[in-house]
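The values are calculated or read from the model by the stated rules, or taken from the named source; none is laboratory data. This is a predicted model, so every value here is computed, not measured. Heads up, the Cβs are rebuilt from the backbone with ideal geometry, glycines too, and the neighbour counts pull from every protein chain shown.
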Amino acid sequence: MPIPKVDKIWLNGNYVNWDEAKVHVLTHALHYGSGVFEGIRAYETLKGTAVFRLTDHIKRLFKSAKIYLMEIPYSPEVLIDVTKELIKINNLKSCYIRPIVFRGYGEMGLNPLNCPVDVAIAVWPWGAYLGEESFKHGIRAMISSFHRIDPNSLPPVAKATGQYINSILAKLEAVYSEYEEAILLDYRGFVSEGSGENIFIVKDGVIYTPSTTSSILEGITRDTVIKIARDLGIEVVERDLVRSDLFLADEVFCTGTAAEVVPIREIDKRIIEEPWPITRKLQEKFFQIVRGEDEKYQDWLELV
Ligand SMILES: Cc1ncc(COP(=O)(O)O)c(C=O)c1O
């Protein structure tokens, strides 16, 4: 689906018209992937529009920038305020939010230090990333022949634009193989994550998920789901998983800001039989929380 246009995008300190938010073709990041970004969602809640864990996302943006030695020319507070203002200006009740910090137009070549650091934030309405049906019926996934980037090549903890070429290779392989999503193994051969989601399995009532040493992006939805599960009294263990753990799991699901919480019903032709009770419980709780229907988690909702 084409990105639905809204009125304004924030670019380097100005609210500009959607069609005028442009960069030069010799922008450094376009050639070398030298950018860092975030994916965030705002939901309509009982108290008005609220951005889910906005401060945590902006903190992760600064961590990504630190890894790539990029000095963001705005404070986290400014980016938080701008995000809220932008949602208001565009009259959105719920939306996806895409902040991006990138090496701009200046010099060509691999030393980026003489290029400006440009910053933009865009917002637009974006429904279910893996399709409306994904929440109820789950998706079909394959284990990719492409491994997830390893920490000594490209730090997976950074959400950097160039790193997503790895995810794109895996996603294309999945799409051409008629699967909805790819699951990547890490450089050691253990389960890492989906092309844009973290992965969980449930076995005998316990939730398992790869730890931060399995080349994952430390997902904010992953952290959310771990906290919700523990609050519900469900044990969560972070540990190495092998592909047969996926095949033999009672339940498998993935989490991400774009995807939200989605069951996986098949992996490489191995069926994960319904009813997936723990996934259902976590999905239900997750959507209650983001819609502001659970007082206990109000701190995660940052009203615009
Ligand atoms: C590679 C990858 N893993 C995991 C995630 C999930 O992270 P989050 O829950 O913070 O959106 C994302 C999405 O940003 C991602 O791109």
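Let's see how each residue does on (1) under 28 Å from L26 (Cα atoms); (2) without any contact (Cβ under 8 Å) to a residue 12 or more places away in the chain; (3) assigned to a loop (DSSP other than H, G, I, E, B); (4) touching a helix residue (DSSP H, G or I) at 6+ places or on another chain (Cβ under 8 Å):
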| residue | (1), (2), (3), (4) |
| --- | --- |
| N111 | yes, yes, yes, no |
| R148 | no, no, yes, yes |
| G162 | yes, no, no, yes |
| A170 | yes, no, no, no |
| Y187 | no, no, yes, no |
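Pairs linking a residue in the range 22-34 that is in a loop (DSSP other than H, G, I, E, B) to a residue that is surrounded by fewer than 16 Cβ atoms within 10 Å (Cβ to Cβ), with Cβ atoms under 8 Å and 6 or more positions apart or on different chains, are L26/M108; G33/I165.
Each residue in the range 193-221 was checked for being over 17 Å from I272 (Cα atoms), among the small types (G, A, S) and more than 8 Å from the ligand (Cβ to nearest atom), and 3 pass.
Just one of (1) over 23 Å from Q283 (Cα atoms); (2) within 9 Å of the ligand (Cβ to nearest atom) fails for T224. It is (1).
With the structure loaded, tell me whether R98 is touching a Ser or Thr at 6+ places or on another chain (Cβ under 9 Å), of a type outside the set (A, V, I, L, M) and not in a helix (DSSP H, G or I) or whether it fails that test. So R98 fails the test. Taken over the range 208-239, the residue count meeting the criterion of being of a type outside the set (S, T, N, Q), crowded, with 23+ Cβ neighbours inside 10 Å and under 17 Å from I264 (Cα atoms) is 3.
Given S144, S167, S192, which one is modelled with pLDDT of 95 or more, out of contact with any strand residue (DSSP E or B) (no Cβ under 6 Å at 6 or more places or on another chain) and polar (S, T, N, Q)?
Testing whether each residue is modelled with pLDDT of 95 or more, out of contact with any strand residue (DSSP E or B) (no Cβ under 6 Å at 6 or more places or on another chain) and polar (S, T, N, Q) leaves just S167.
Can you name the number of the only condition in (1) assigned to a helix (DSSP H, G or I); (2) more than 16 Å from the ligand (Cβ to nearest atom); (3) within 16 Å of D118 (Cβ to Cβ) that K66 fails? Only one criterion is unmet by K66, namely (3).
Only one of the numbered conditions (1) out of contact with any Ser or Thr (no Cβ under 7 Å at 6 or more places or on another chain); (2) buried (at least 20 other Cβ atoms within 10 Å of the Cβ) is not met by E295, and that is (2).
What residue, of S144, S195, is more than 29 Å from L79 (Cα to Cα), crowded, with 16+ Cβ neighbours inside 10 Å and either in contact (Cβ under 8 Å) with a residue 40 or more places away in the chain or out of contact with any Gly (no Cβ under 6 Å at 6 or more places or on another chain) (or both)? Testing whether each residue is more than 29 Å from L79 (Cα to Cα), crowded, with 16+ Cβ neighbours inside 10 Å and either in contact (Cβ under 8 Å) with a residue 40 or more places away in the chain or out of contact with any Gly (no Cβ under 6 Å at 6 or more places or on another chain) (or both) leaves just S144.
Restricting attention to the range 227-245, the residues that are farther than 24 Å from V290 by Cβ, away from the ligand (no atom under 16 Å from the Cβ) and not charged (D, E, K, R) total 3.
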